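The values are calculated or read from the model by the stated rules, or taken from the named source; none is laboratory data. These numbers were taken from a predicted model, which means no experiment stands behind them. Counting neighbours? That spans all protein chains shown, and the Cβs are built from the backbone with ideal geometry, glycine included. Note: areas computed on protein heavy atoms with side chains; ligands, DNA, RNA excluded. Shrake-Rupley method; radii C 1.70, N 1.55, O 1.52, S 1.80 Å.
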Amino acid sequence: YPLRRQRQMCIRDRYQRRVRGPFTEGLQLDKVGVKTDKQGRVITDEHFKTNIPHIFAIGDVIAGPMLAHKAEEEGIACVENILTPGIGHVNYNAIPSVVYTHPEVAWVGETEEQLQKRGAKYNVGKFPMQANSRARTNDDFEGLVKFLSDKETDRVLGVHMIAPMAGELISEAVLGIEYGASAEDIGRTCHAHPTLSEAVKEAAMSAYGKPIHY
C-alpha cells in the first residue's frame with residue numbers, strides 16, 4: 001500500500017492548503033452599508049436579515065460551513081421569513097458533511113470531542129464495513145459506521161462514517177437527528193438485505209445493545 005498511502009497524503013495536503021473564504025468581491029457591500037465580520041462574511045440575524053432591512057444573505061457569504069445543501073436550506077428558510085417573518089428555520093445540527101474520497105467520509109451532528117466538552121454522557125456504537133455482506137460482495141469494505149447517542153434517552157446525537165457510498169448512507173442519520181430519533185428507532189427499522197445501509201442499522205443497534213452480525 002505505499003503508493004496508495006502516498007497518494008492519500010498528497011490529496012490530504014492539497015486539501016489542507018486550500019483556503020476558502022466568502023466570495024463577496026464585486027457586490028459593493030460597502031457602498032450600501034452592509035456589515036461584514038473580520039473574515040469578510042456578511043453579518044445576519046437568525047432570519048438571514050442584514051443590518052439593511054431589505055437585504056438578506058445566505059450560503060457561502062455568511063457564517064457556517066460552505067456547503068451547497070446548507071445554502072439551499074437557508075435559501076428556502078430565508079424566503080419563508082420574507083413572506084412570513086419568523087417561520088423559516090434551519091437546523092444546523094442536522095446539516096451533513098461529506099468528503100468525496102474513496103472510501104467516502106460523512107458525518108452529521110456532534111462529535112465525541114464536542115460531547116465531552118459539554119459534559120454529556122453518551123453511548124458509542126460501531127459497526128465495521130468488513131462485516132457488511134453487501135460491502136464484502138462488492139469487495140469494497142474499508143471503514144465503519146459510528147453512532148453517538150444520549151446515555152439516558154438514547155437520542156441520536158451524532159453519526160460518523162467512513163464507507164463506500166457514505167454520502168448516500170448519511171441521509172438516514174440526518175433524518176433521525178432532524179426528528180429526534182433514538183438509536184433503537186433506527187436499529188429496529190427493517191433494512192433491505194443485502195445493502196450497505198444495514199451497517200447503519202447495526203451501528204445503531206451497537207449503541208443500545210449488540211449488533212447481529214459482529
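Taking 19 Å as the straight-line reach from the Cα of Lys151, the lysines in range (excluding those fewer than 8 positions away in the same chain) are Lys117, Lys121, Lys126, Lys201, Lys210.
Here Asp30 and Asn91 are evaluated by their C-beta separation; at R0 = 35 Å the FRET efficiency comes out at 0.60.
Across the range 96-107, rounded Karplus estimates of 3J(HN,Hα) from the backbone phi angles (6.51 cos²θ - 1.76 cosθ + 1.60, θ = phi - 60°) give x, 10, 9, 10, 8, 9, 9, x, 6, 10, 8, 7 Hz, Gly and Pro being marked x.
Please list, in chain and number order, the residues 5+ apart from Leu157 or on another chain whose amide H is under 5 Å from its amide H, with Hs placed from the backbone. Those lying under 5 Å, H to H, from Leu157 are Leu148, Ser149, Asp150. Computed from the C-beta positions of Ile82 and Arg155, the FRET efficiency with R₀ = 41 Å rounds to 0.80.
Taking Lys and Arg as +1 and Asp and Glu as -1, the other residues whose beta-carbon sits under 9 Å from that of Ala63 total 0.
Its Cα centre serving as origin, the chain has a Cβ charge dipole (Lys and Arg +1, Asp and Glu -1) of approximately 860 debye. Whole-Hz Karplus values for the range 108-121 come out as 8, x, 8, 9, 4, 4, 5, 5, 5, 5, 9, x, 6, 9 Hz, taken residue by residue from phi with 6.51 cos²θ - 1.76 cosθ + 1.60 and θ = phi - 60°; glycine and proline positions read x. Other residues lying with their Cβ under 14 Å from the Cβ of Val79 contribute a combined charge of -3, Lys and Arg counting +1, Asp and Glu -1. Calculated [222 nm] ellipticity per residue, helices only, for the chain: -10000 deg cm²/dmol; basis is -39500 (n - 2.57) per DSSP H run with n ≥ 4, divided by all residues, nearest 500. Per residue, the chain exposes 63 Å² of accessible surface when a 1.4 Å probe is rolled over the protein heavy atoms with every protein chain present. The HN-Hα couplings worked out from phi for the range 71-79 by the Karplus form 6.51 cos²θ - 1.76 cosθ + 1.60 (θ = phi - 60°) are 5, 4, 5, 5, x, 5, 5, 4, 5 Hz, whole numbers, x standing for Gly and Pro. Axis of helix 166-178 versus longest Cα principal axis of the chain: the two differ by about 70°, to the nearest ten degrees.
Restricting the calculation to alpha carbons of the range 54-136 gives Rg and Dmax of 17.6, 55 angstrom. Each Lys or Arg adds one and each Asp or Glu subtracts one; over the other residues with Cβ under 13 Å from the Cβ of Arg118, this totals -2.
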